[in-house]
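Visitor: One structure follows; several queries about it will come next.
The values are calculated or read from the model by the stated rules, or taken from the named source; none is laboratory data. These numbers were taken from a predicted model, which means no experiment stands behind them. Cβ coordinates were reconstructed from backbone atoms using ideal geometry, including for glycine residues, and neighbour counts include every protein chain displayed. Please note that ligands, DNA and RNA were not included when accessible areas were found on the heavy atoms of the full protein model with its side chains. Shrake-Rupley method; radii C 1.70, N 1.55, O 1.52, S 1.80 Å.
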Amino acid sequence: GTAPIPAAPTEREKQILASSSGFQYLISFTGDHFEPATTTIHRGETVRFTNNSSAPLWLTADARQGATYPSSGGCGVSALDSCGAIQPQEFWEFTFSESGTWGLINTFESDTTGTVVVEVADE
């Protein structure tokens, strides 16, 4: 058998890829959970959040899990906000510049949460 030919990237995907500066970690949204549920990274590293479900994902900081990731004039109360739906098979990247334990939530399904632990890198 032959392997299927992947679809060409959409215009939106091309824009997202053009703005990407690379990532160190990958978190997948499967529809009912984030995989892995908890990811530990170093401050200054980038996470790519990929929507591997069949429904849109709106990723934001989850204030219910403790401290909310600080705002930097973004679209919401936290800079950790995709500022809109990440469609199925699309991704969004975020560079964590603040140390701490940060909760994630899919605003479309408030019981779907995850955690990113940001540590200071050893000098």
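Visitor: Can you tell me which residue within region 49-67, out of those that are more than 17 Å from Thr30 (Cα to Cα) and either open to solvent by less than 50 Å² (accessible area, probe 1.4 Å) or within 15 Å of the chain's Cα centre (by Cα) (or both), is modelled with the lowest pLDDT?
Guide: Gly66
Visitor: Identify the single condition in (1) open to solvent by 50 Å² or more (accessible area, probe 1.4 Å); (2) touching a residue at least 40 places away in the same chain (Cβ under 8 Å); (3) not in a loop (DSSP other than H, G, I, E, B) that Gly114 does not satisfy, given that it satisfies every other one.
Guide: With (1) open to solvent by 50 Å² or more (accessible area, probe 1.4 Å); (2) touching a residue at least 40 places away in the same chain (Cβ under 8 Å); (3) not in a loop (DSSP other than H, G, I, E, B) applied to Gly114, the lone miss is (1).
Visitor: Sticking with this one: Could you tell me which numbered condition Ile41 fails, if it satisfies all but one of (1) modelled with pLDDT of 95 or more; (2) hydrophobic (A, V, I, L, M, F, W, C); (3) assigned to a loop (DSSP other than H, G, I, E, B)?
Guide: For Ile41, the failing item is (3).
Visitor: Looking only at region 86-102, which residues are open to solvent by less than 30 Å² (accessible area, probe 1.4 Å) and in a loop (DSSP other than H, G, I, E, B)?
Guide: Hits for region 86-102 are Glu90, Phe96.
Visitor: Quick one: how many residues across region 34-48 are of a type outside the set (Val, Ile, Thr) and surrounded by fewer than 16 Cβ atoms within 10 Å (Cβ to Cβ)?
Guide: Number satisfying all stated conditions: 6.
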